[in-house]
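See structure below.
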Amino acid sequence: MLKSTSRPRVPKRQRGESSTAPGEVANEFRDELARDLHDSVVQPLSSLIVGIEAWQTEWSSTGQTEAHVAAWLELAQEALNSLRDTLHGMRTHPHAELGLIEALRHYVAPQMRSGGVRMTVDSSNWPSDLPLDFTSTLYLAVREALTNVKKHARASEVAIVLRGTNERLAITIVDNGVGFAPEQIETLPTNALGAVRGARNGLRAIRERAQLIGGHVRIETMPGSGVRMRISAPRPASVL
């Protein structure tokens, strides 16, 4: 459990003051959470690992105790690495600086090819000056969707279509995989095992990211018919 910090969790703006754009609010929340996790989790874990390493150096005798310490060290290192990965994802993703289209082509397409999936990207009226936090959120959502395709769809091709209007932005992801029954994902217990649970967790993450920018996700699929996913969000007011 995260311990409380000295920073009070109060709104940054009082009633009557100018409001903050949804993307800015989400970004502030992520940054604050990242700081809290670093202070209350990462630093203690780092200290634990350093202490265990020092203890191992001083007590080099073999035996059961040494085996336990080695296991503790491995677990602590794994937790630290996982937390660092999580914190990295909470901040603006560095690939977002390229823009969504180029980031997908340069970083995601090669990963899909390595898994035997051909990926194409088609865009029309997609703005090139989206805010970095907005692009980062979309990039992570699309990457999660493509990870689902690579892991679970048994697809050979996936197409990404980006479309923009004056009011909304939409990303459609279509694969030629095995598909699934929609109710199978929605009703699966969270502790169920297998690929379907992994797909459900991925879909939940995509929906949560879409909600951060005021968007939503629509999925059309049937067993044997592949999956068509549409991520739609309001166009940021700052982008003409």
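The values are calculated or read from the model by the stated rules, or taken from the named source; none is laboratory data. From a predicted model like this one, the values you see are computed outputs, not experimental measurements. Each accessible area value is taken on the protein alone, full model and side chains, heavy atoms only, with ligands, DNA and RNA left out. Shrake-Rupley method; radii C 1.70, N 1.55, O 1.52, S 1.80 Å.
For the reader, a short list of remarks on this structure follows.
- Computed from phi, the 3J(HN,Hα) profile of the range 210-215 under the Karplus parametrisation 6.51, -1.76, 1.60 (θ = phi - 60°) reads 4, 5, 4, 10, x, x Hz, with x in place of Gly and Pro.
- Rounded percent of accessible protein surface that carbon and sulfur make up, the range 104-170, 1.4 Å probe: 43
- Amide proton proximity set for VAL121, modelled H, under 5 Å, gap of 5+: ILE160
- Of the residues ARG113, ARG207, ranked by 1.4 Å probe accessible area with the largest first, the sequence reads ARG113, ARG207.
- Per-residue accessible area (protein heavy atoms, 1.4 Å probe) orders TYR107, TYR139 as TYR107, TYR139, starting from the largest.
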